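Read through the structure below, which is laid out as structure tokens, and then see the notes.
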Amino acid sequence: LNLLIYCCPFKDDVDSVLNWIEGLSVGELYETLSKYVKVFPSHMEDYRNRVVFLLSEWNRQYFSQCNPAILSKLQQHADSKNMELNGLDTADFVNKTTNGFYFMPTDGLKKLVLIPQYHFQPANIIYCYGELTICHYAAWISMENEEISPFMYRAIRSLSEKSRLKILQALSGGRKTFTEIVKHAGISKGIVHDHIFNLRCAGLLHAYIEGENVTGYSLRLEGIHRMNEQLFESLK
């Protein structure tokens with residue numbers, strides 16, 4: 001579904017995307033997707049019809065009712081990021097934009113597409129299609145004039161668990177795998193996973209990604225410095 005939307009040459013509005021997908025023949029569907037995937041639905045025509053129905057209902061029941069200012073702010077964010085890209089090292093740009101992701105070079109990976117999103121904040125969502133990786137990252141935009149930055153608040157709240165502080169201490173010595181972090185924390189994998197998710201969404205961890213898998217984590221000092229700066233500024 002996400003790959004089809006990415007491949008669509010007409011993205012001005014939802015109807016343009018829907019009309020393009022609905023107008024694709026089975027052969028055109030295979031031709032569009034075959035560059036990126038090797039496994040296809042057994043009934044491609046039924047798959048296309050389900051996709052069109054799903055997106056149509058999503059648009060009718062939800063997206064068309066959303067605040068139009070969200071799209072405007074996302075576009076402004078994307079425009080500023082495109083300008084920023086020209087002056088930064090690619091890895092540093094990705095790290096800053098995704099709030100801590102490092103996409104490790106792997107065989108076959110040729111293109112990384114970063115798409116700002118609002119509705120799944122603070123999570124980042126990754127799709128890997130062979131030579132193409134798409135990352136829907138949480139764009140730090142706010143729809144309200146809040147006295148306290150929600151991003152600073154999220155970072156401070158992420159430190160509210162003693163076990164999370166232990167995880168940060170463990171990572172101060174360098175990059176570690178999830179298994180190594182679990183061993184150091186001395187708690188269950190599920191709870192460690194939850195703690196890491198909170199710390200990563202707060203921008204306090206680097207996540208090293210190969211394909212769709214996170215292979216390690218390290219301390220992200222710039223996230224900690226940013227939290228301190230925001231807190232100091234809010235108290236002036």
Select from the stretch 208-221 the residues that are modelled with pLDDT of 90 or more, exposed (fewer than 15 other Cβ atoms within 10 Å of the Cβ) and not aliphatic (A, V, I, L, M) and list them in ascending order.
-> Thr215
Can Leu18 be described as at pLDDT 95 or above and either in contact with a Pro (Cβ under 8 Å, 6 or more places away or on another chain) or within 24 Å of Leu132 (Cα to Cα) (or both)?
-> yes
Would you pick out the residues in the stretch 175-193 that are of a type outside the set (Val, Ile, Thr) and either open to solvent by less than 70 Å² (accessible area, probe 1.4 Å) or closer than 17 Å to Gly100 by Cβ (or both)?
-> Arg175, Lys176, Phe178, Ala185, Gly186, Ser188, Gly190, His193
Between a first residue in the stretch 27-55 that is without any contact (Cβ under 8 Å) to a residue 60 or more places away in the chain and a second residue that is among the hydroxyl-bearing types (Ser, Thr, Tyr), which pairs have beta carbons less than 6 Å apart while being 6 or more apart in sequence or on different chains?
-> Pro41/Tyr47
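The values are calculated or read from the model by the stated rules, or taken from the named source; none is laboratory data. Since the model is a prediction, treat every value here as computed from it, not as a measurement. Positions of Cβ are generated from backbone atoms using ideal geometry, with glycine treated the same way; all protein chains shown enter the neighbour counts. In case anyone asks, the SASA skips ligands and DNA or RNA and just uses the protein heavy atoms, side chains included. Shrake-Rupley method; radii C 1.70, N 1.55, O 1.52, S 1.80 Å.
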